[in-house]
Structures are given as structure tokens and as C-alpha cells.
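Heads up: the structure comes next, in C-alpha cells.
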Amino acid sequence: MDWDLAIARNSKALKGIIQVLFALLGLDGGEAAQRIPRSLHSAVLAVLRPAESAVRRLIVVAARGVVVKLSPSRPMPKGKVIGKAAGGRIPSFQIFDPPRRGKHTPFRKGRRIIPRVRVLEYDPRVIALFPKPRPVIIPPPPPDGLASATRLHRRLIALKSALEDLPRQAKRLVRWQERRRAAPEYKSTSPLRDGRPPGYRRKPVHEVEEVLAECDWLADQAMRPDTS
């Protein structure tokens, strides 16, 4: 398989999609809006999520055969901030899939143990020692019908930066995997979660979902051991 050709073809399609998202959010040279209509926010997010998944899978393909040497760990300089794009730096692209929401361990039926608790004497002063938990108040959405676009801006800029420099992102991925292999406890080294990727649709309604399906297949082939 011509891996370079597959990467180039899907990268070109993704760059065109990202360019459209930049134009919608005003990041193509115009003035970027800090608050956008909720309908536009949802539409951009629906395309951004599968585009991020597709780029992660292209990084996996680009990391095929890459070897890096880990440098010894050093203490972080005092006052340095990472992960928040401090000082106007380009935010880092997340190279691994986010975990599934609502994931829980399967229920195992076992022997039921009933504790033997007796209340000898009721004392109302005991209740004062255990106050009721305060309810979590979720603020209602603003009445103007707008949503913050700051997080979308950062994710889109990070996505574009990662797609334009896949070899660097591939080295990041390999370093991340090597650190997890060197950890004393077991940690999975796969950046992709099991099952369907984030943003996947069985019946694509947008070009980005077709690109994601192809990139997911390419990543699956690239992660298989070479038996030749």
C-alpha cells in the first residue's frame, strides 16, 4: 500500500474542510467572533469532531515505523504553564481519542451482605453533624441565544497546525507510547479507543465522515503487526 499517497489524499480533503470552518468562524483573516449563534456552534462542532478523529488516525499512519529516543525527564521550570496555550502559543492537538461518556464497569452479581446496624436512641443533634449536600445549580443558557466560540477557535487552530506538520505529531505519538510502555503499571499504548471513532456515522451525511471512515480503516491496517 502507498501510505504516503493515502496520507496526502486525505490531508488534502481535510484541509479543504478546515478552511471552510475557518471561514465560518472568521479565522481566515477577518475578525473572529467571540460569541456565535448556537445553531452555528452545533454545526461547526458536528464537523470538527470527526475531522479531529480523522487527523488522529492520519497521525497513527504517519507514525508507522517512526523511532524516537526519549530524553531524560527534567523538572518543569518554575512559573511555566502548559496545556493552555499561554502567551499566545498555538494550542497542542490532542493525539488520543477522548474516553466514552457514561462508561461503567459491568455489574457482577454476588452475595448480598446486610450490615447489622441498630439505632439505640435517636438524638436530633446527630443530624447537625451531617448537613445536607448543597444542590448543584447549573446556570441557564444566556437569553441572547449565543454560545462562546473560544474553545472552538482553539480546537480548530490546533487541528490545522497538527495537519500541516504530521511528521512532528507522529513523533509526539511515538514518544507518548514509549513513556506509557516505560510506566511501572500497565497502560494502553493505543491512542484510538475501541469501537467506532468519535464523530462516526454509519450513513455519512458530510464529506468529513467519509474521510473519517477511510482514515479509520488506514489506521487499523497501520497498527496491525507486519507479518511479511
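The values are calculated or read from the model by the stated rules, or taken from the named source; none is laboratory data. No experiment lies behind these values; they were computed from the predicted model shown. Please note: Cβ atoms are built from the backbone with ideal geometry, for glycine as well, and neighbour counts cover all protein chains shown.
Scan region 154-167 for residues that are under 13 Å from R49 (Cα atoms) and more than 15 Å from the chain's Cα centre (by Cα) and the total you get is 0. When restricted to residues that are assigned to a loop (DSSP other than H, G, I, E, B) and under 17 Å from the mean Cα position of the chain (by Cα), region 193-228 contains 8.
Checking each residue in region 152-203 for being over 23 Å from K12 (Cα atoms), touching a residue at least 40 places away in the same chain (Cβ under 8 Å) and among the charged types (D, E, K, R) picks out R175, E178, R179, R193.
Checking every residue in region 15-28 against the condition of being in contact with a Leu (Cβ under 7 Å, 6 or more places away or on another chain) and more than 30 Å from G145 (Cβ to Cβ) gives at least one match. Taking region 151-192 as the range and being of a type in the set (F, W, Y) and outside any helix (DSSP H, G or I) as the test, only Y186 passes. Consider region 1-37 and keep the residues that are of a type in the set (S, T, N, Q) and part of a helix (DSSP H, G or I). The one that is nearest to Q221 (Cα to Cα) is N10.
Okay, residues lined up against (1) modelled with pLDDT of 90 or more; (2) touching a Pro at 6+ places or on another chain (Cβ under 9 Å); (3) among the charged types (D, E, K, R):
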residue	(1), (2), (3)
P142	no, no, no
L173	yes, yes, no
S190	no, no, no
E207	yes, no, yes
W217	yes, no, no
A222	yes, no, no
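Could we say that D220 is surrounded by 16 or more Cβ atoms within 10 Å (Cβ to Cβ), closer than 23 Å to D2 by Cβ, out of contact with any Asp or Glu (no Cβ under 7 Å at 6 or more places or on another chain) and not aliphatic (A, V, I, L, M) here? So D220 does not fit the description; no. Among the conditions (1) closer than 30 Å to K171 by Cα; (2) in a helix (DSSP H, G or I), the only one that L40 does not satisfy is (1).
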